[in-house]
Amino acid sequence: MNDSIISVKDLKKSYGSQKVLDGINFEVERGQIFALLGENGAGKTTTIRILSTLIRPDEGIAMIDGLDTYREANSVKKRISLTGQYATVDELLTGEENLQMMGRLNHLNRSTVKKRTATLLKQFDLLEAAKKQAKSYSGGMRRRLDIALSLLANPKVIFLDEPTTGLDPRSRLNMWILIKELASNGITIFLTTQYLEEADQLADKIALIHNGKIVVEGTAEELKRMIGEEKLVLQFQSEANLIKAHNLLDGQTDHESKCLILTVKDTTEDLRNTLNTLHEQDMMPIDIYFRKPTLEDVFMEITSHKPEGEVKYG
Ligand SMILES: Nc1ncnc2c1ncn2[C@@H]1O[C@H](COP(=O)(O)OP(=O)(O)OP(=O)(O)O)[C@@H](O)[C@H]1O
């Protein structure tokens, strides 16, 4: 049953005295969309760089398709593609020429390049722009061309490091559709993103890296279940009241919306107790509602509250 294409065991990497990866472990199954999440500087890009053979780990093993990413780097390179930062897009060439050039770099024969270029231009909605220089492309078009280029050599695994950062909402939605299509064609997607909703929408499996370790791992639903059934949201008029309420009731604060977010078990009982406590202090919220937990709640709870090691695997 278990058909892992990526397997990471006790991976460690430090820069000087800074331990970035302190023994991380995870598996990704063939055809899955896997999202690695973590705060800025948590070690996501470092993990991708090890998996894509760009740097070597200090300890541990990273395998792709049964091959060691360090010892068998050349064979691994043939099975993967790394996108992002438009490193592969030549601004002065047209979209079509970019694809043709990448085909030649990958030693594909002329007729294969022609066929693959036509298919990819269509699949990535770049037919109209095919004969225009890439420097005239919008952010979304460049991102699509970048991914199309990475697919020319038929990789088994593609690494998407923040594929929708900087895209407008419509382009982001289009990119999500594209990523799902790639996965449904059997390509394994390794994704990092700063948008938790993106991981929620796309990922079959999510892992959260914190303090150099994978602290939780599972489907979006499993992760959300770990932190309770319902959230009670209390919105306050002023920052001062939000802080006062936080001191009284604990929970997570969202300072932008002046909301206090509480995890509740018995909804009616919790609501009554909460309102009584606030009433006694004469500081009623301006809005109150229940909502389901989000990945953001999971992220906040784990990265801001719990000491290292307190959260168990999902
Ligand atoms: N070549 C390097 N030399 C020294 N320190 C490095 C190097 N590469 C990364 N780091 C440090 O390692 C830590 C992890 O970086 P990494 O880029 O993996 O984080 P990340 O999770 O991808 O963050 P972000 O979301 O900001 O991209 C950071 O503190 C970074 O400054």
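Just so you know, all these numbers are worked out from the coordinates, no wet-lab data involved. Just so you know, these numbers come straight off a predicted model, no measurement behind them.
Tabulated values for the structure
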{"quantity": "Whole-Å distance, taken between Cα centres, linking the range 228-302 and the range 133-154", "calculated": "44"}
{"quantity": "Percentage of interatomic Cα-Cα distances in the range 66-170 larger than 22 Å", "calculated": "30"}
{"quantity": "Degrees, to the nearest 10: 95-105 long Cα axis against longest axis of the chain", "calculated": "70"}
{"quantity": "Whichever lysines have a C-alpha closer than 18 Å to that of residue 12, once near sequence neighbours (fewer than 8 apart) are set aside", "calculated": "44, 213"}
{"quantity": "Estimated vicinal HN-Hα couplings, Hz - the range 209-223 in sequence order (Karplus 6.51, -1.76, 1.60; Gly, Pro = x)", "calculated": "9, 8, 6, x, 10, 7, 8, 9, 8, x, 6, 4, 5, 4, 5"}
{"quantity": "Estimated [θ] at 222 nm from DSSP helical runs (n ≥ 4, -39500 (n - 2.57)) normalised by residues in the chain, nearest 500", "calculated": "-10500 deg cm²/dmol"}
{"quantity": "For residue 55, residues with placed amide H under 5 Å, excluding near neighbours", "calculated": "50"}
{"quantity": "Under the Karplus curve 6.51 cos²θ - 1.76 cosθ + 1.60, θ = phi - 60°, whole-Hz ³J(HN,Hα) for the range 191-205, x wherever Gly or Pro sits", "calculated": "10, 10, 7, 9, 9, 5, 4, 5, 5, 4, 6, 9, 7, 6, 8"}
{"quantity": "The range 19-52 versus the range 60-128: alpha-carbon centroid distance in Å", "calculated": "22"}
{"quantity": "Rounded to 10°, Cα long-axis angle of helix 239-249 versus longest principal axis of the chain", "calculated": "80"}
{"quantity": "Per-residue ³J(HN,Hα) for the range 9-25, Karplus 6.51 cos²θ - 1.76 cosθ + 1.60, θ = phi - 60°, Hz, x for Gly and Pro", "calculated": "10, 6, 6, 10, 8, 10, 10, x, 8, 8, 7, 8, 10, 10, x, 9, 9"}
{"quantity": "Amide H contacts under 5 Å for residue 156, placed H, 5+ residues apart", "calculated": "80"}
